Structures are given as structure tokens and as C-alpha cells.
Amino acid sequence: MTPPACILWDWDNTLVDGWAAIQHGLNATFAEFGMPAWDRQTVLANVRGSLRDTFPGMFGAEWERARDVFYTAVRSCHLEVLNPMPGAAEAIAAAGALGPQGVVSNKQGPLLRAEAAHLGWAGHFAALVGAGDASADKPAAAPLLMALESCGIQPGPAVWYIGDTILDMDAARAAGCTAVLLGHAPHDGGVAAARPDLVFDDGHALAAELQHLARAGVGEGD
């Protein structure tokens, strides 16, 4: 396997588990609008696109009021409930030996950057691109291209975009990058539906491969 020249990461359910805050924000919003609450499994099965792409369809003309309720609720707790995914810290450290890194998320940019700073991870990334930062959000190529510009890297197969959903794999392909699936996308149709170029069972397996590639040396296949 040829080492990547650059790694871009998805954030939620790839590097961190922040679902408790997302669930809290959604349910606070649903309560405001007289809608039924979602449990964690429903949140995992349904949350993919960015807020600006999904809330207009969910809340119609009042989507901006819904947005404000959601973000107020999320900001009240998101740092307290945030946890790294298993193997994430080790994978980030190993990736740093291979080239620049960035994050491209459909989480609002300020929330993303606050979470990275809270975990002490911000210094690992040349770019932290969230929803609303680029002209369009994932699965469009725009946020990945923005991140790569900050990394000083041209898009292409030497760039890995690592995520956990079909939307992430579509974004990687839109930007001309290698689509790397972390986990088996159980809430998203499975590996066959995601059609990744590479797949790793979990963060520990990914970290081990990145460590192996770093030891082998950039530019040396195995």
C-alpha cells in the first residue's frame, strides 16, 4: 500500500463521538416545534448532511428559527459530552508522520474548531473546515478542496479522505481523492453501498496501518 501524501478526516463518528450533543440539540428543536424526539439510533441513522442542507426540508419557512434553537442547545453541552473515538488519537499521531492533515466536517465550523481545541488536537491540522465555511457542504467537493488548499496539496488519489458514511465516500470521489471508510457503515447500507476504495474495521486498525506506513517511509510501497 502506498502511503498517502495527505489525510483529510471526517469528524463525528470518525475521530470523535459527539452524538449526545447532536441528539440534545435535535430534541430541543423538535420539542420547540411539537415534533417527537429521536433516540440515539434514529439520530445515527438520519444525520448526514449539514444543517443548511437539511433543516429547510425539515422545518420549512421556520428553518432559521429551528437552526438557532439547535445551536443554542448544542453549544450548552457539546464540549462536556465530547469523547475521542477508539484509536483516533493514535491514528492522528501516525498520520502526522506521513504528511499534512485536515478535517472536513458537516458540523458548523465554529463548533468544530472549538471541539478540536478542547481536545488539544487543533495543532495537528492545517485545516479545520466545517459546514458553512466553503461555498457548499459535503458531499460537494468544495470543503475538501478548501482544506487541501490550506494543506498545500493538490487533490488526487494520494489524498485520503477518511469517514464513516456514504456521504463521506461521495465527497471524496467528488474531489478526486481516495475514499477511505472507517467501520462498516451499519447505519448507512453497509460497505457495499458505500463503495470505498479502502476500508478499516475501526480506529485501532487504521492507526496500526498508518504506523506501518510511517515506519516504511513515505513513498515506499509494501
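The values are calculated or read from the model by the stated rules, or taken from the named source; none is laboratory data. Fair warning: this is a prediction, and the values are worked out from it, not measured in the lab. We place every Cβ from the backbone using ideal geometry, glycine too, and count neighbours over all the protein chains shown.
Quick check on the range 75-89: of everything there that is more than 21 Å from ALA31 (Cα to Cα) and in a helix (DSSP H, G or I), which residue is nearest to the chain's Cα centre (by Cα)?
ALA88
Given the options ALA21, ALA37, name the one that is crowded, with 16+ Cβ neighbours inside 10 Å and either over 25 Å from VAL180 (Cα atoms) or at pLDDT 95 or above (or both). Steps first, answer last, please.
Details: ALA37 fails: crowded, with 16+ Cβ neighbours inside 10 Å.
Checking each option against the conditions leaves just ALA21.
Looking at the range 43-55, can you tell me whether even one residue there is of a type outside the set (Gly, Ala, Ser), without any contact (Cβ under 8 Å) to a residue 12 or more places away in the chain and assigned to a helix (DSSP H, G or I)?
Of the residues in the range 43-55, the ones of a type outside the set (Gly, Ala, Ser) are 43-44, 46-48, 51-55.
Filter again for without any contact (Cβ under 8 Å) to a residue 12 or more places away in the chain, leaving 46, 54.
Applying the additional criterion that residues be assigned to a helix (DSSP H, G or I) yields 46, 54.
Yes, some residue in the range 43-55 is of a type outside the set (Gly, Ala, Ser), without any contact (Cβ under 8 Å) to a residue 12 or more places away in the chain and assigned to a helix (DSSP H, G or I).
Taking the range 192-217, which residues are over 17 Å from CYS6 (Cβ atoms) and either among the charged types (D, E, K, R) or not in a helix (DSSP H, G or I) (or both)?
Within the range 192-217, ARG195, PRO196, VAL199, PHE200, ASP201, ASP202, ARG215 qualify.
Residue by residue through the range 44-57, note down the ones that are surrounded by fewer than 16 Cβ atoms within 10 Å (Cβ to Cβ) and either modelled with pLDDT of 95 or more or closer than 16 Å to GLY130 by Cα (or both).
First pass over the range 44-57, keeping only residues surrounded by fewer than 16 Cβ atoms within 10 Å (Cβ to Cβ): 45-46, 56-57.
PRO56, GLY57, listed by residue number.
Against the definition (over 29 Å from ASN46 (Cβ atoms) and at pLDDT below 95), how does ALA208 come out, yes or no? Talk me through it step by step, then tell me what you get.
Details: over 29 Å from ASN46 (Cβ atoms): yes; at pLDDT below 95: no.
No; evaluated as a whole, the condition is false for this residue.
Name the pairs whose Cβ atoms lie under 6 Å apart, with the first residue in the range 63-74 and more than 7 Å from GLY25 (Cβ to Cβ), the second at pLDDT 95 or above and β-branched (Val, Ile, Thr), and 6 or more positions between them or separate chains?
Note: pairs meeting the criteria are ALA66/THR29; VAL69/THR29.
Would you check which residues across the range 64-88 are surrounded by 17 or more Cβ atoms within 10 Å (Cβ to Cβ) and touching a Phe, Trp or Tyr at 6+ places or on another chain (Cβ under 8 Å) and list them? Steps first, please.
Residues of the range 64-88 that are surrounded by 17 or more Cβ atoms within 10 Å (Cβ to Cβ), as a first pass: 66-67, 69-71, 73-74, 78, 82, 85, 87-88.
Matches in the range 64-88: ALA66, ARG67, PHE70.
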